Amino acid sequence: MVTSRFLTRRSLFRLAAALSGAAMLPRCGFDPEEGAAYTPWSFPDPTRAPLLQVVHAGLLAANPHDTQPWRFVVTPDRVRVFVDRARSLGAMDPLGRERIIGLGCAIENMVVWAPEVGLVATVVARTDADSPDLVADVLLATAKSPRSELAGGLARRKTHRGRYGEFPLDPALGRELGRLASDPVVALTTLTDARMDTFRDGTRRATRAIVDDAGMNDASHAWYRHTKEEIDRHRDGLTLDAQSLGAFTTAAGKTLGRPSAADAGGYWIANTEEVHTGPVTAFAILSTRALEDVGELLQVGRVYQRLHLFAAREGLAMQPLNQLPERRDRERQKGLRPDLEPVLASLAEGHAQMAFRIGVAWDDTHHSPRRPVEWVTEVTS
Ligand SMILES: Cc1cc2nc3c(=O)[nH]c(=O)nc-3n(C[C@H](O)[C@H](O)[C@H](O)COP(=O)(O)O)c2cc1C
């Protein structure tokens with residue numbers, strides 16, 4: 001557990017944030033979206049059969065651009081996890097790495113929730129030539145197993161893209177992150193020293209390169225949902241509410257109408273420079289030995305999700321900032337001169353798979369939409 005010293009300092013910081021009034025801005029007539037696209041966050045739903053509760057836990061996981069690139073087939077003893085290649089980020093994820101990491105995040109949520117419904121989960125990665133979209137089976141047996149300390153974070157976890165405080169990493173928190181990330185194939189590098197500025201500079205450069213690359217910027221923008229009607233229809237994608245821009249900017253954004261891809265790219269650059277790479281407790285990178293090994297990518301997702309569930313439980317904020325690996329992949333795909341790969345190599349050993357920030361946010365943020373269990377699950381006997 002984190003020390004009480006850490007908790008005390010965090011509580012003080014939160015109190016200061018509350019007193020500053022940051023959390024009390026008027027909503028300017030634009031409440032955050034709600035409705036059918038958000039009902040999956042009412043979790044758990046004890047009226048569901050245990051295996052469907054496990055699937056429900058899975059679809060609440062972090063995943064790239066909220067593409068939710070999954071399909072689940074439920075049989076009496078397992079949940080079969082398939083990649084849905086139609087839900088692709090295209091040029092933003094040219095190697096398809098992030099898609100598999102997202103499936104790993106979903107699998108971790110299922111493993112964490114299984115004991116809550118009297119099941120124990122065993123994950124088996126699959127590479128089956130006859131069924132190339134099948135990536136893993138989550139075998140579920142009736143057994144008593146210890147409840148996970150992370151289960152309470154499932155419905156609370158959300159990607160936080162708002163401002164964080166300048167709050168140094170408590171050594172006890174660093175040790176706890178290291179313990180949770182301990183894995184045979186995934187390494188966690190926590191950046192708290194001068195390398196933070198290298199990360200900041202690299203992430204800003206990568207973001208500008210992505211926005212300048214129309215293929216990447218358009219692929220990213222295709223998953224932006226502007227209106228309530230779009231959100232209700234698709235129940236996926238990036239929304240204004242989930243950007244944590246503050247009540248005034250969010251209301252202005254909703255009034256102005258859907259931005260062009262170029263304008264959205266410009267806002268993203270500004271936000272990356274002013275907010276996402278601003279004050280923080282730490283940046284961190286998850287890396288593996290191989291770049292594209294499906295089993296290792298699933299493990300990256302599992303470790304990331306575990307860390308994020310822990311952060312949610314502890315009232316800490318997290319946001320993936322994956323522009324460096326995304327741009328590295330694009331350089332490889334297009335055979336470009338490697339500009340950002342050397343930056344990643346200077347920050348972490350092996351192949352960087354997922355970069356993120358962790359800290360204490362000034363304000364709360366909002367959930368992203370989710371497609372319901374029924375849209376993504378087939379039940380077979
Ligand atoms: C592999 C991966 C890469 C991601 N990259 C980014 C990123 O670069 N920037 C960002 O703001 N969010 C990133 N995310 C977070 C997703 O956008 C987020 O999980 C998704 O929109 C669902 O929202 P939620 O996490 O609040 O449920 C990433 C998530 C995953 C799994």
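Checking each residue in the stretch 78-121 for being near the ligand (Cβ under 10 Å from one of its atoms) and either in a helix (DSSP H, G or I) or open to solvent by 20 Å² or more (accessible area, probe 1.4 Å) (or both) picks out MET92, ARG97, GLU98, ARG99, ILE100, ILE101, GLY102, LEU103, GLY104, CYS105, ALA106.
With a requirement of 1 or more residues that are over 23 Å from ALA91 (Cα atoms) and within 16 Å of the ligand (Cβ to nearest atom), the strands (runs of 3 or more DSSP E) lying completely within the stretch 277-381 that satisfy it span 282-288, 317-320, 351-359.
The single condition from (1) among the polar types (S, T, N, Q); (2) open to solvent by less than 50 Å² (accessible area, probe 1.4 Å); (3) closer than 30 Å to ARG71 by Cβ that THR189 fails is (3).
When the stretch 255-271 is filtered for residues that are surrounded by fewer than 12 Cβ atoms within 10 Å (Cβ to Cβ) and of a type in the set (S, T, N, Q), the ones remaining, listed by number, are THR255, SER260. Kindly evaluate THR250 against the criterion of being away from the ligand (no atom under 12 Å from the Cβ), polar (S, T, N, Q), in contact with a Leu (Cβ under 8 Å, 6 or more places away or on another chain) and open to solvent by less than 30 Å² (accessible area, probe 1.4 Å). It is true that THR250 is away from the ligand (no atom under 12 Å from the Cβ), polar (S, T, N, Q), in contact with a Leu (Cβ under 8 Å, 6 or more places away or on another chain) and open to solvent by less than 30 Å² (accessible area, probe 1.4 Å). Filtering the stretch 44-53 to residues that are under 15 Å from ARG370 (Cβ atoms) and either among the hydroxyl-bearing types (Ser, Thr, Tyr) or open to solvent by less than 30 Å² (accessible area, probe 1.4 Å) (or both) leaves only GLN53. Being β-branched (Val, Ile, Thr), farther than 18 Å from LEU89 by Cα and not in a helix (DSSP H, G or I) is a property that holds for THR190.
The values are calculated or read from the model by the stated rules, or taken from the named source; none is laboratory data. Here the structure is a predicted model, which is why all the values come from computation and not from measurement. FYI the Cβ positions are ideal-geometry reconstructions off the backbone, even for glycines, and counts take in every protein chain you see. Heavy atoms of the whole protein, side chains included, go into the accessibility calculation; ligands, DNA and RNA do not. Shrake-Rupley method; radii C 1.70, N 1.55, O 1.52, S 1.80 Å.
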